[in-house]
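Have a look at the structure below, then the notes.
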Amino acid sequence: MSAFLPFARPDIDEQTIAAVGEVLRSGWITSGPQVQRFEEALSVYCDGRPVRAFTSATAALEVALEVAGIGPGDEVIVPAMTFVASANVVLRVGARPVLVDVDIDTRNTDAARIEAALTPRTRAIMPVHFAGLPVDMAPVYALAQRRGLRVIEDAAHTMGASYGGRRIGAQGDLVSFSFHPNKNLTTIEGGALTFANAAEVEHAERLRFHGIRKLPGGEMEVEEPGGKFNMPDVCAAIGLAQLARLEEFNARRRELARRYFERLQGIPHLRLPAADQPGHSWHLFAPLIDFAALGTTRRAFMEMMQARGIGVGVHYPAMHLFAAYRRLGYKPGDFPNAETIGARTLTLPLFTRMRDADVDRVCGALREAILQPITTNGHS
Ligand SMILES: *Cc1c(COP(=O)(O)O)cnc(C)c1O
């Protein structure tokens, strides 16, 4: 029996571990020279746009909203199919997340769905590039420009992705990345924000660190309460080593995704995600499985996979059905595609150190788990 295969696993090489050791021995372990180097490297990655590092993408998104001046009385458009952090931060700055549905196969929202949800109170749009597939952004930015709206891209899944031949993060308005261990690039925990407007960078720096503004002569001033979201140097050292390997990481992810597509054709009650395309960063590979039609539940199905040594995940339950969002008035039936995805999605293992044979093992187990309940019907 082969070892247990998790659905995600960070790829940390010995050089990275040595780099962390150096930082730990250096005497300076919180934000310092490594963070500065990491931000410079990320800025190069983003075609020279300014980038600032944070303790998480959640922090980066919250600061992005504050930098854009969004607060009580404002509305922000957020897809109903995303990790709950995307909308939580809108609530945390006192604004209202206005949810919209997504496409069943791309899991992404689009300009038409966003436009239908605009009100006079809408101040910003938060597209989420789901699973690594960029949202079709040209119509979204055209709409934002027409209506005078900010765009805050939740690019947590799209480190290494591109749209229209340019990297996500190298274009657009405010763009936030996540470096959580399951993401394509990790710093343990961490995130980053890239800016179109360099004049907003200093404000973001203050919001990242207690609201402190350093004055000439060593004095300081605090005009508003900032958070405490500065990335430690230990994390930045990991990020620098990871960034150097990002292309390699994502090339491997793409190979594995392609193998999944090849091996998962023609399985009943299994619906593959939108096909590969240039610029996809393959953060997740998650088909939809009609568990009800198979006479089972996702929980039982997941246990079956786990019993075969395969870890699977759920990304994500439909967000509007969480208590905190039902309280805003959302209910079952509001976003049918998000609900179908939420009920049927199953994230399969996808990480750089997987072997081709691991994909085959997952596909074999999946085929068995889907076909066996059917073929054994009436034979037992
Ligand atoms: C992971 C994730 C986040 C939050 O990232 P953290 O770095 O863990 O705060 C936000 N949005 C989406 C879509 C994510 O997947």
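Taking Cα atoms only, the orientation of helix 57-67 departs from the longest principal axis of the chain by about 40 degrees.
Under 5 Å from the amide H of residue 100 lie the amide H atoms of 78, 80, each residue being 5 or more positions distant or on a separate chain, with H modelled from the backbone and absent for Pro and chain starts. Surface composition of the chain: carbon and sulfur make up 53 percent of the accessible area, probe 1.4 Å. Spherically averaged projected area of the convex hull of Cα atoms, segment 246-296: 3.9 nm². Stretched out straight at 0.36 nm per residue, the stretch from residue 292 to residue 222 would grow longer than its current Cα-Cα span by 19.6 nm. Find the centroid of the Cα atoms in segment 37-62 and in segment 89-167, then give the distance between the two in whole Å. Answer, in whole Å: 19. Once the Cα atoms are used to define both axes, helix 298-307 deviates from the longest principal axis of the chain by about 80 degrees. With helices as the sole contributors, the chain gives -11500 deg cm²/dmol at 222 nm; each DSSP H run of n ≥ 4 counts as -39500 (n - 2.57), and the sum is divided by every residue. A Förster radius of 25 Å, combined with the Cβ-Cβ distance separating residue 299 from residue 116, puts the computed FRET efficiency at roughly 0.10.
Express in % the proportion of alpha carbon pairs of segment 246-371 at distances exceeding 18 Å. The proportion of pairs with Cα distances above 18 Å equals 56 percent. Solvent-accessible surface of segment 246-371, averaged per residue with a 1.4 angstrom probe and all protein chains in place: 42 square angstrom. Computed over the chain, the P(r) tail beyond 35 angstrom holds 28 percent of alpha carbon pairs. Couplings 3J(HN,Hα) for segment 174-186, derived from phi with the Karplus relation 6.51 cos²θ - 1.76 cosθ + 1.60 (θ = phi - 60°), are 8, 10, 10, 10, 10, 10, 4, x, 7, 7, 5, 9, 10 Hz, where x marks Gly and Pro.
The alpha carbons of segment 175-302 stretch over 70, 32, 28 Å along the principal axes, in descending order.
Note that segment 95-109 has calculated 3J(HN,Hα) couplings of 9, 10, x, 9, 8, 9, 7, 10, 6, 5, 9, 7, 6, 9, 8 Hz, one per residue in order, obtained from phi through the Karplus relation 6.51 cos²θ - 1.76 cosθ + 1.60 (θ = phi - 60°); glycine and proline are x. The angle separating the long axis of helix 246-263 from the principal Cα axis of greatest extent in the chain is about 20 degrees.
Residue by residue, segment 22-32 carries 3J(HN,Hα) couplings of 4, 4, 4, 7, 6, x, 10, 10, 8, 3, x Hz when phi is fed to the Karplus relation 6.51 cos²θ - 1.76 cosθ + 1.60 (θ = phi - 60°); x denotes Gly or Pro.
Computing FRET efficiency as 1/(1 + (r/R0)^6) for residue 47 and residue 142, where r is the C-beta to C-beta distance and R0 is 25 Å, gives about 0.75.
Stretching residue 357 away from residue 267 to a fully extended chain increases their span by 30.5 nm, per 0.36 nm per residue minus the current alpha-carbon distance.
Excluding ligands, DNA and RNA, what is the solvent-accessible area per residue of segment 14-244 at a probe of 1.4 Å, expressed in Å²?
Accessible surface, normalised per residue, equals 40 Å².
Pick out, in residue order, every one of the trypsin sites (Lys or Arg not before Pro) in segment 272-331 that is DSSP loop and has at most 10 other C-beta atoms within 10 Å; say none if there are none. Answer in residue order: 327. When Rg and the Kirkwood radius Rh are both evaluated on Cα atoms of segment 72-161, their ratio Rg/Rh stands at 0.93. Maximal additional length on extending the residue 92-residue 3 stretch stands at 27.9 nm, based on 0.36 nm per residue less the C-alpha distance.
The values are calculated or read from the model by the stated rules, or taken from the named source; none is laboratory data. Quick caveat, the model's predicted, so the values are computed rather than measured. In this analysis, Cβ positions are derived from the backbone assuming ideal geometry, glycine residues included, and neighbour counts consider all displayed protein chains. In case anyone asks, the SASA skips ligands and DNA or RNA and just uses the protein heavy atoms, side chains included. Shrake-Rupley method; radii C 1.70, N 1.55, O 1.52, S 1.80 Å.
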